[in-house]
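Read the structure below first, then the notes.
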Amino acid sequence: MRWVAILAVVCAAGMSLAQSPSEYLALRKKNKITAPVSISELDSFVGSKIFELKCTVNGIMDMDGKSSISAEMGSSLQVIDAEVVPAWLKGGTVQARLLVKATREEQYGAVTLNLLMASAESDIAKFDIQPKKVASLKTTTRATSTKVSRSASSKGRPLPAREAIAAYAPTYATFIKNHNKRLSYDKAYEIASAVIGWSVNYNVDARLVMALLIAESDFNPAELSGPGATGLGQLMPETARELGVRNPWNTNENLYGTVKYLKTQMDRYGASEDNAHRLSLALAAYNAGPGAVKKHGGIPPYRETQNYVKRILRTYRQLCGA
């Protein structure tokens with residue numbers, strides 16, 4: 001699938017590949033792993049740690065002598081860097097267990113995943129130690145409870161990211177290409193896929209992200225502002241570094257940072273897509289910074305920021321059919 005190609009994150013990765021399930025289990029035991037990591041734990045830890053992923057591998061991309069594995073954990077998209085990919089993982093959709101070294105330098109930074117060993121799901125599942133069920137463990141993460149109505153459509157039917165991309169990326173790509181006719185369809189599809197994928201991942205309405213991108217760059221991946229804001233979501237260099245975005249000119253990395261930073265501001269103000277006031281504060285913080293919003297006790301009295309908020313809300317309503 002074409003969307004797989006946009007989800008590569010290039011970084012150095014040391015690894016060794018399992019030659020048998022017993023070797024995989026030995027490394028698993030050495031790291032005191034008894035079951036796969038949850039999405040919430042993977043998305044919240046800081047530092048460096050070895051995790052096991054229970055996932056569906058659905059694509060491999062080779063670039064500059066390195067490989068990236070595209071995998072799904074529930075509705076969450078993960079990209080795992082690898083120096084070598086086992087041949088059996090390249091056979092289309094594969095249910096797998098992956099031992100990975102995960103690194104996140106800061107709380108809101110991007111996580112990088114490097115493959116250590118891989119094994120088939122069927123070979124490892126029987127060795128899991130099942131946790132006891134307790135009444136307090138009833139909540140689900142935002143990623144697993146995401147509905148397509150908040151990410152790519154209005155049907156309200158839960159869909160994982162891969163299916164949402166397959167279903168709606170062509171429509172989004174056509175819209176993007178019509179809006180910015182200088183883009184090729186392939187580039188528009190790349191942007192659409194990343195918008196939908198990261199929107200599902202962070203439980204943000206993809207139509208809101210689209211409205212923000214129109215205001216920021218009109219879908220121009222090469223957009224550069226005078227102060228140095230870069231790419232589709234116009235990330236400032238300091239913001240990009242804080243989010244762990246290594247290359248803000250890369251479409252997928254830029255949109256990862258854009259959606260995560262938007263979600264961070266929405267969480268800061270308790271904003272939701274159906275609360276215009278709180279959403280306005282989040283959008284103002286994206287544009288002018290949360291410090292400016294705090295200083296002025298609301299949307300700063302800057303003409304640029306006020307027009308920015310109005311434009312995004314107006315475009316968002318239009319994209320929602322209002």
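The values are calculated or read from the model by the stated rules, or taken from the named source; none is laboratory data. These numbers were taken from a predicted model, which means no experiment stands behind them. Cβ: placed from backbone, ideal geometry, glycine included. Neighbour counts: every protein chain shown.
Data overview
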item	result
Close pairs from the range 34-53: first within 11 Å of Val100 (Cβ to Cβ) and among the β-branched types (Val, Ile, Thr), partner at pLDDT 90 or above and assigned to a strand (DSSP E or B), Cβ under 6 Å, at least 6 apart	Val37/Phe51; Ile50/Lys101
Pairs, first surrounded by fewer than 16 Cβ atoms within 10 Å (Cβ to Cβ) in the range 234-247, second at pLDDT 90 or above, C-beta under 7 Å, six or more apart	Arg246/Glu253; Asn247/Glu253
Residue check for Ala194: closer than 15 Å to Glu253 by Cα, in contact with a helix residue (DSSP H, G or I) (Cβ under 8 Å, 6 or more places away or on another chain) and in a helix (DSSP H, G or I)	yes
Hits in the range 283-308 - residues which are buried (at least 22 other Cβ atoms within 10 Å of the Cβ), under 15 Å from Ile214 (Cβ atoms) and not hydroxyl-bearing (Ser, Thr, Tyr)	Leu283, Asn287
Positions within the range 1-57 being out of contact with any strand residue (DSSP E or B) (no Cβ under 7 Å at 6 or more places or on another chain), modelled with pLDDT under 90 and assigned to a helix (DSSP H, G or I), in sequence order	Arg2, Trp3, Ile6, Ser40, Glu41
Test result for Ile214, within 20 Å of Thr315 (Cα to Cα) and either within 15 Å of the chain's Cα centre (by Cα) or assigned to a loop (DSSP other than H, G, I, E, B) (or both)	no
Top-ranked residue in the range 165-186 [being touching a residue at least 40 places away in the same chain (Cβ under 8 Å) and not β-branched (Val, Ile, Thr); ranked as nearest to Ile39 (Cα to Cα)]	Ala166
Criterion: under 20 Å from the mean Cα position of the chain (by Cα), farther than 20 Å from Glu253 by Cβ and not assigned by TED's automatic domain parsing to the domain that holds Asn252 - qualifying residue of Glu72, Glu41, Glu83	Glu41
Qualifying residue in the range 263-279 (condition: surrounded by 16 or more Cβ atoms within 10 Å (Cβ to Cβ), among the hydrophobic types (A, V, I, L, M, F, W, C) and closer than 30 Å to Leu113 by Cα)	yes
